[in-house]
Every structure is written in C-alpha cells, then in structure tokens.
Amino acid sequence: MRATVAGALLGLLAAFAGPGPTATAAPTSGAPEPTASVDEGDGSGDGSNGDDDLNAGRQAGEAKVNWLLKNTVDLPRNGADVHGPWIAGDTVVKAMYKSVQGYDLNTGAVKWTVDLPFELCAAPPEPSAGGLMAFGYQQSAKDGADCTELQQIDLKTGKAGWKKSIPKATGLFAFSDHTLAISGNTLTAAGSSSAYGFSLTDGRQLFKGATTGCKPFAYAGGKKLFAAMNCPSGDASKKVQAIGEVDPNTGKPKYTYQLKANWEIDKVYSVDPLVVSARQREPEQWAIFSLRPDGRLRSNVQGGKNDKFGPRCGGGFVVFGKNLQGCTGVAADANNLYMATETKYGTPNEVVAFDLNTGKAKWRSKAPGEQTMKPLRMEGSEVLLYVEAAYGKGGAVATLAPTGGAPKVLLQHPASTADIENNFYDAAYAYGNGTFVLASGRVSASNDKEEKLVKTMMAFSK
C-alpha cells in the first residue's frame, strides 16, 4: 500500500554513497582524420549475426524481433562505452570506440561506417531535426588524451562533414572534459574551463562563453538552449551556480537564475518547459524545480515520503564528459512532469505526474503485471514509456495519456525473447518509425572470444 504524494522529495542517485533518503530544500533566485565507407550488402542478411529464429516462439499479438546484433569490434581490454542509439529516417546509429555506424532499421544490416582516428569521448544526447550530429574524439592515442576533436556526420547518409579542434583550454585549472549539445543549428562544446558554440552546418565558431562573471560549464539543447554556470561567490567555501536561457546564435544570456550557495545543477530533465534537478553535497539533498519562460520560479516539485525516484542519467554531476541531459525515467510536457518510482524486483512501479504550476502530484499510473516502466520522452501529447522485460515476460512500448489511466501498449515484445531483452547491460533506447531499439550501454568481456558474443542491439516492430 502506497502513501499519497505529499511533503519532501526523496531519493538519491548514484552520485551519492548510501541508500538513505533525504528531504529537499528549494533553490531560490538571487537574480534572475576520419574516413567513411558504405556497405550496401547483398540483401541476403537478416541482421541476426547467425542466431536462431528469434520469432519462432512469437505468439499472436506480439511484436516481431527485427534483428539482434552481436559485437564485431575488436576493443581494448577494458571495453568501451556505447553512444546512442539514435534513429534518423530508416537508419539506427550507434557510436563506440573509434567508429560511428549506421544500420538498416528493418534488417540490422550495416549501411555505413565512419572511422575516427582516435577514441570517441563525447556525443550530444540527440541529433538535429535534420539528422546532423557532431561527435567528440580524443586528440591522440595517449591515455587520458583531451577530448577536443570534433567530427560532423549526417546520420541519415553516413556522410562525414566538417571536422575541427575545440580551442585549447588555458589557465591554472584548465581541463578539456567537454560535453556536447545541439540546439537548432548550434553545436555547443563546454567544460570546466571553457565553452563554445559552433555552426552545426559548417563548423565555424559562433560564440565563446563568458570568461568572467557566471561562466558556462555545460549546455542543455533542444528547442531552446540553456547554460549551466559557475558564478563568483566571494567566498572560497561557497559554490554558487546558476542556469539560464541563452541565444543559440550568440551565446548571450536571456536570463540567469541563481541557486542558493552550495547547490549544484545536476541534470536538465526538460528544456521546454525548463525542469532542473539540483543537488547539495553536504548535507546530501536533492531538489527539482521548474522555471517560467522569463526565468522566474514556476514551482518546486513535491514528492512523497514513501516514494523514491531515481531517473537514470548515466552519472551524477556534469564532470568527465557526462551530459547535462539524456535521462530516462522522466519526461515533461507544457504542464506536467512525469517520473517513475523505483521499485523492488518483482513488484510493479508507478509513474507519477506532477503539476508544474503547483509542484504537487496529480495522478499515478501502475506498470502492467509485475514489471517496471519508465518514461523515455513525449510522443505527441502522450508520454512514451518502455516497460522492462521480466522473467517470462517481454518488454513493451506503451504510452500514457496526460490525464492518467492505464498504459496503452503499442508494441508487446515476445515473451520468448524476454531473457535476451532483459540482459542488455546498462541499456539505452530509441523509438521511431514504429520500431523500438535497445542497445547495450557498454561492451566488454574477459577475452576476445567472449567479446564477439556480447549482444549489442536488438529491434522490435509490428
């Protein structure tokens, strides 16, 4: 039996040690040389890497397995992180180690490959509306080499476009831990020491972030562009951060919203409307707040005393190449924030909708069966969900209406492949053109033979 949502927001992400919950405090404003190749194939492959027929056990009403891929890349001993997947037209793209690859969404066959001279180290959460993206890779093969090189790629065609180096950071505490974001035709690259905006079309520099006052250290992109900033505090023992909308063509701030001292910008859950997760390290506390288009506080989200929320964001604070965006388990529309509760294995979790005008919970919806569901993003006016596979139960793609109710299943994945679906390590997801793709977030194994057996991507459709 669950308590109603009221009181302080509870829960800690992996950035904090220990499982204990803490209460929120509300932030307040004190101001407002790569190469490309294309593999056309002969049309005979099924993308399954030699697996048995994955649809043999498919039941009536269940989606089909389009394909299942295994790793084909010879990786270093400690493996490699996977960036993506992203769907652009009829192509699904993932990037890993020293290459970016596009696969046919229907068959899983490789359509194109762009090889990079050194290891990938950064990628924006999403490409532009036209399918353009720029990837960051290291400047050399040395351990700990700076992440300063950029390569633009058209994800729909695999055409490698412009490339350039991010200007070298200078100063006593100069680091090159850049993260990337895209807003319209602007690509941002920002780190602890510097921030830049580049034209996604031709790579020319559009702006350099402020070097005095509040200085950007990360950006969140999409329909709007926001900068997370470090601000002067006048006291070495106090850390002051702010967030503000900036012009994507000039980088100039439209407004700045400053947090209380020693609160830090953690993640941006949504840019339109702006919904921000903030953290305080000592004592450990978490808060979520929303701002109005003019930068005034809209609401502080109020969670439940017996609920624990844990959006999965691929890391804690924005350091060492962790993006400001890219969380699963949370989504927002103009009026609501949707967050998944955490749950114990074998019991269903819930999605709770919070009114962004008041910060209070409006309704909750329980996952089907004994499974776990998580918001991925908005799909039109509805919340797009992934229902995780469980023992003997396939996963599913579903939607929730903004008024609540039970989830509506769009794709019910086969129960016969539930074990495969449920064993993708640190899985990431993409949905487009009626096809759902999940990919391993990291590929590693104890030896080369086992490395080739690691399942990397799987696709479902009607």
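The values are calculated or read from the model by the stated rules, or taken from the named source; none is laboratory data. Note that the structure is predicted; figures quoted are calculated from it, not measured. Note that we place each Cβ from the backbone using ideal geometry, even for glycine, and neighbour counts take in every protein chain shown. Quick note on the areas: whole protein, heavy atoms, side chains included, nothing else; ligands and nucleic acids left out. Shrake-Rupley method; radii C 1.70, N 1.55, O 1.52, S 1.80 Å.
A few remarks follow.
- For Thr186, nonlocal amide neighbours, meaning residues 5 or more places apart or on other chains whose placed amide H falls under 5 Å from its own, are Leu200.
- Global form of the stretch 210-347, assessed from the alpha-carbon gyration tensor, a/c cut-off 1.5: prolate
- About its Cα centre, the dipole of the stretch 288-382 is roughly 280 debye, where the only charges are +1 on Lys and Arg Cβ and -1 on Asp and Glu Cβ.
- Distance in nm between pseudo-label sites at Ala141 and Asn78 (7 Å out along the Cβ direction from Cα): 1.8
- Long-range HN-HN contacts of Ala122 with modeled amide H, under 5 Å: Gly136
- Label-reachable residues, the stretch 437-462, where backbone N falls under 13 Å from a point 7 Å from Asn423's Cα toward its Cβ: 453-456
- Anchor Lys455: lysines whose Cα lies under 23 Å away (excluding residues fewer than 8 positions away in-chain): Lys64, Lys70, Lys94, Lys98, Lys111, Lys374, Lys393
- Residues Thr157 and Lys462, FRET efficiency given R0 of 25 Å [Cβ-Cβ distance, rounded to 0.05]: 0.40
- Carbon and sulfur %, accessible surface of the chain computed with the full protein complex present, 1.4 Å: 49
- Rounded to 0.05, the FRET efficiency of the Asn335 and Ser237 pair, given R0 = 45 Å and the Cβ-Cβ distance, is 0.70.
- Pairwise label distance in nanometres, Lys252 with Ser446, each label 7 Å out on the Cα-Cβ vector: 6.1
- Probe 1.4 Å, all protein chains present, accessible-area order of Ser192, Ser140, Ser299, largest first: Ser192, Ser140, Ser299
- Shape category assigned to the stretch 121-262 from the gyration tensor of Cα positions, a/c cut at 1.5: oblate
- Computed from point charges on the beta carbon alone (+1 for Lys and Arg, -1 for Asp and Glu), the dipole magnitude for the chain about its Cα centre is near 1640 Debye.
- Among [x] 30.9, 95; [y] 21.9, 67; [z] 28.1, 107, the entry derived from the coordinates for Rg and Dmax of the Cα atoms in Å: [y]
- Using the average count of surrounding beta-carbon atoms within 10 Å as a protection proxy, the listed peptides 373-380, 132-139, 440-447, 362-369 rank, highest first, as 132-139, 373-380, 362-369, 440-447.
- Separation between Cα centres of the stretch 75-107 and the stretch 172-241, rounded to whole Å: 27
- Residue-normalised accessible area of the chain, expressed per residue, 1.4 Å probe, Å²: 44
- The amide H of Asn336, built 1.01 Å from its N in the peptide plane, has Leu356 as neighbours under 5 Å, considering only residues 5 or more places off or on other chains.
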